[in-house]
Amino acid sequence: MRGSLFFVCLLFGLAVALDNGLARTPQMGFNSWNYYYCNVNETHMANAMDDIVNLGLDKLGYNYVVVDDCWALRERDAQGNMQSDPKSFPHGMKVLADRAHSKGLKFGLYSSAGYTTCAGRAASLGHEKQDAKLWASWGVDYLKYDNCDRGDVPAKKRYGDMRDALAATGRTIFYSICSWGTDGVAQWGAQYGNSWRTTDDIYNGQDAVTYNIVAND
Ligand SMILES: *[C@@H]1O[C@H](CO)[C@@H](O)[C@H](O)[C@H]1NC(C)=O
């Protein structure tokens with residue numbers, strides 16, 4: 001009896017979670033923020049890819065290389081598309097995605113479920129379909145979706161619209177919800193994303209580890 005009850009619960013669990021085949025195990029890799037912040041550029045990202053492979057970290061499952069905030073300009077182009085910052089990323093995002101793929105790695109980008117990113121760059125609220133399509137055309141495999149400058153649009157609407165826009169691209173893209181644990185994301189994150197952050201930013205330090213353990217308890 002216990003066995004069959006468990007089986008029923010398991011099926012139910014699978015049915016309600018976002019199912020795009022990803023996040024069967026936790027995502028691992030490199031994200032630029034806590035080391036480069038807004039100074040990130042394409043040299044840093046290319047070096048990170050080389051280092052991951054040269055150190056053999058890819059064989060241990062560190063497969064994602066994710067550019068965080070500041071890859072995009074504040075302004076969109078005449079067609080309304082996001083554009084990468086030509087000073088720091090002169091060859092654009094597709095070249096970096098191709099480079100990641102040639103090394104067997106996955107490439108990720110960042111945006112915010114708001115009007116601008118935390119660093120004041122172009123973000124995706126109200127542009128979900130257009131942005132998702134553009135990223136897919138570049139070969140993006142992962143989106144970290146932040147929570148800055150969100151106005152008064154409810155979180156489920158903002159994060160749900162991007163989930164649907166990513167699914168509509170036809171490309172399999174890991175969807176990382178970064179709403180800092182707000183808006184009850186623990187209750188709905190699994191239906192909306194492949195992962196959802198439960199707390200504030202971390203940093204390189206033991207207190208960041210203990211803070212997160214306590215906050216998640
Ligand atoms: C990226 O920044 C480093 C310094 O941290 C610099 O040496 C390199 O030339 C820069 N690359 C680009 C494309 O701006």
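The values are calculated or read from the model by the stated rules, or taken from the named source; none is laboratory data. The model shown is predicted, which means the values in this text are computed figures rather than measured ones. A quick note on method: Cβ atoms are made from the backbone with ideal geometry, for glycine too, and the neighbour counts reach across all protein chains shown.
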* Considering every residue within segment 107-115, establish whether at least one is free of Cβ contacts under 8 Å to residues at least 60 places away in the same chain, over 17 Å from ILE177 (Cα atoms) and not in a strand (DSSP E or B). => no
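Test ASP141 against the criterion of being of a type outside the set (A, V, I, L, M, F, W, C) and touching a residue at least 24 places away in the same chain (Cβ under 8 Å), and give yes or no. Walk me through it before giving the result.
Numbers: of a type outside the set (A, V, I, L, M, F, W, C): yes; touching a residue at least 24 places away in the same chain (Cβ under 8 Å): yes.
So ASP141 fits the description; yes.
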With criteria (1) within 14 Å of the ligand (Cβ to nearest atom); (2) closer than 21 Å to ASP200 by Cα, TRP33 comes up short on (1)
Restricting segment 149-202 to residues that are assigned to a strand (DSSP E or B) and touching a residue at least 60 places away in the same chain (Cβ under 8 Å), the one surrounded by the most Cβ atoms within 10 Å (Cβ to Cβ) turns out to be TYR175
Open item on the list: With the structure loaded, tell me whether THR43 is over 17 Å from the mean Cα position of the chain (by Cα), among the β-branched types (Val, Ile, Thr) and either more than 16 Å from the ligand (Cβ to nearest atom) or at pLDDT 95 or above (or both) or whether it fails that test.
Closed with: yes
Within segment 78-94, is there a residue that is over 27 Å from GLY160 (Cβ atoms) and either more than 16 Å from the ligand (Cβ to nearest atom) or of a type in the set (Val, Ile, Thr) (or both)?
yes
Taking segment 95-113 and keeping residues more than 16 Å from the ligand (Cβ to nearest atom), over 24 Å from LEU125 (Cα atoms) and not hydrophobic (A, V, I, L, M, F, W, C) leaves ASP98, HIS101, SER102, LYS103, GLY104, LYS106
Across segment 176-217, the tally of residues that are modelled with pLDDT of 90 or more, over 25 Å from ASP141 (Cα atoms) and among the aromatic types (Phe, Trp, Tyr) stands at 0
Of the residues in segment 77-102 that are assigned to a loop (DSSP other than H, G, I, E, B) and of a type in the set (Asp, Glu), the one that is surrounded by the most Cβ atoms within 10 Å (Cβ to Cβ) is ASP85
Flagged pairs (Cβ under 6 angstrom, 6 or more apart or on separate chains; first in segment 34-56, in contact (Cβ under 8 Å) with a residue 12 or more places away in the chain and within 18 Å of ASP98 (Cβ to Cβ); second more than 11 Å from the ligand (Cβ to nearest atom) and not in a helix (DSSP H, G or I)) are MET45/VAL67; ALA48/PHE30; ALA48/VAL65; MET49/VAL65; MET49/LYS103; MET49/LEU105; ILE52/TYR62; VAL53/LYS103
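Here's a check for you: in segment 46-55, which residue that is within 23 Å of ILE173 (Cβ to Cβ) and not small (Gly, Ala, Ser) is farthest from the ligand (Cβ to nearest atom)?
Initial filter on segment 46-55 (within 23 Å of ILE173 (Cβ to Cβ)): 46, 48-49, 52-53.
Now drop any that are not not small (Gly, Ala, Ser), which leaves 49, 52-53.
Numbers: MET49: 14, ILE52: 18, VAL53: 20 Å.
Top of the filtered list is VAL53.
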Would you check if there is a residue in segment 66-76 being surrounded by fewer than 14 Cβ atoms within 10 Å (Cβ to Cβ), without any contact (Cβ under 8 Å) to a residue 60 or more places away in the chain, closer than 22 Å to SER124 by Cα and of a type in the set (Asp, Glu)? yes
What about THR182, is it of a type in the set (Ser, Thr, Tyr), more than 16 Å from TYR64 (Cα to Cα) and over 16 Å from the mean Cα position of the chain (by Cα)? yes
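Being more than 16 Å from the ligand (Cβ to nearest atom) and either surrounded by 11 or more Cβ atoms within 10 Å (Cβ to Cβ) or closer than 17 Å to LEU143 by Cα (or both) is the requirement here; does LEU60 meet it? Spell out the reasoning first.
Values: more than 16 Å from the ligand (Cβ to nearest atom): yes; either surrounded by 11 or more Cβ atoms within 10 Å (Cβ to Cβ) or closer than 17 Å to LEU143 by Cα (or both): no.
Taking the combined requirement at face value, the residue does not satisfy it.
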